[in-house]
């Protein structure tokens with residue numbers, strides 16, 4: 001979900017308002033995923049590198065996270081959406097950790113999954129999984145994959161990045177090995193259900209060979 005800051009800058013607005021509009025795009029996209037019948041939607045909300053940002057921006061992002069949970073948890077429970085966190089969310093403030101764990105518990109029986117990457121970095125994830133695999137005495141594809149944050153999620157089919165940037169930025173590197181990728185020249189706050197629908201339609205036209213002919 002890239003482009004909140006640039007969205008705000010182009011309008012002469014504070015970055016915090018860009019993040020707020022990005023939160024609205026999250027709500028739209030979660031609803032759009034339901035409308036389109038998607039089994040799982042994963043959103044990259046806060047990377048392990050985002051701690052390098054200004055303290056004020058980090059504070060804005062943390063407050064946005066608090067408000068998002070408060071405003072949407074009851075709706076997620078009602079709509080049977082399971083929240084899944086990938087990343088080490090224990091690094092956040094205690095009240096945020098408590099809210100997240102409450103949300104995880106209350107949504108655990110959901111039929112569809114909203115996975116949110118928080119304090120997440122794919123390289124760190126792979127190192128962590130390899131370390132855990134080595135403790136079992138064998139480092140191979142199966143044991144590493146078993147210890148990824150996404151072990152209980154379906155395989156990644158389509159990876160979408162907004163804002164026109166064409167790179168993965170340390171997101172789901174292992175999982176993206178055979179995923180289709182789509183890079184859109186639209187800033188995240190402007191992302192709509194039409195964009196998601198068009199991306200899904202583009203996905204089904206692609207031939208996936210997984211290294212075969």
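Please treat every number below as a calculation from the coordinates, not as lab data. These figures come from a predicted structure and were not determined experimentally. All Cβ positions, even for glycine, are placed from backbone atoms using ideal geometry, and neighbour counts span all protein chains on display.
Enumerate the strands (runs of 3 or more DSSP E) found wholly within segment 111-205, keeping only those where 2 or more residues are surrounded by fewer than 17 Cβ atoms within 10 Å (Cβ to Cβ) and in contact with a strand residue (DSSP E or B) (Cβ under 6 Å, 6 or more places away or on another chain). Write out each step before concluding.
Values: elements: 112-120, 158-161, 180-183.
Result: 180-183.
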inquiry  = Here are the criteria: (1) free of Cβ contacts under 8 Å to residues at least 40 places away in the same chain; (2) within 27 Å of residue 176 (Cα to Cα); (3) in contact with a strand residue (DSSP E or B) (Cβ under 9 Å, 6 or more places away or on another chain). Tell me which single one residue 87 does not satisfy.
reply    = (1)
ask   = Which residues, counting only those in segment 73-101, are more than 16 Å from the chain's Cα centre (by Cα), within 28 Å of residue 14 (Cβ to Cβ) and assigned to a helix (DSSP H, G or I)?
value = 73, 75, 91, 94, 95, 96, 97, 99
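Would you pick out the residues in segment 162-183 that are within 16 Å of residue 148 (Cα to Cα) and more than 15 Å from the chain's Cα centre (by Cα)? Reasoning before the result, please.
Start the filter on segment 162-183 by keeping residues that are within 16 Å of residue 148 (Cα to Cα), which leaves 170-177.
Answer for segment 162-183, where residues must be within 16 Å of residue 148 (Cα to Cα) and more than 15 Å from the chain's Cα centre (by Cα): just 177.
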key: Tally of residues being out of contact with any helix residue (DSSP H, G or I) (no Cβ under 8 Å at 6 or more places or on another chain) and free of Cβ contacts under 8 Å to residues at least 12 places away in the same chain across segment 142-180   = 3
request  = Test residue 41 against the stated conditions and say whether it is surrounded by 14 or more Cβ atoms within 10 Å (Cβ to Cβ), touching a helix residue (DSSP H, G or I) at 6+ places or on another chain (Cβ under 8 Å) and in a strand (DSSP E or B).
outcome  = yes
key: Subset of segment 101-110 that is in contact (Cβ under 8 Å) with a residue 24 or more places away in the chain and touching a strand residue (DSSP E or B) at 6+ places or on another chain (Cβ under 6 Å) - its residue that is surrounded by the most Cβ atoms within 10 Å (Cβ to Cβ)   = 103
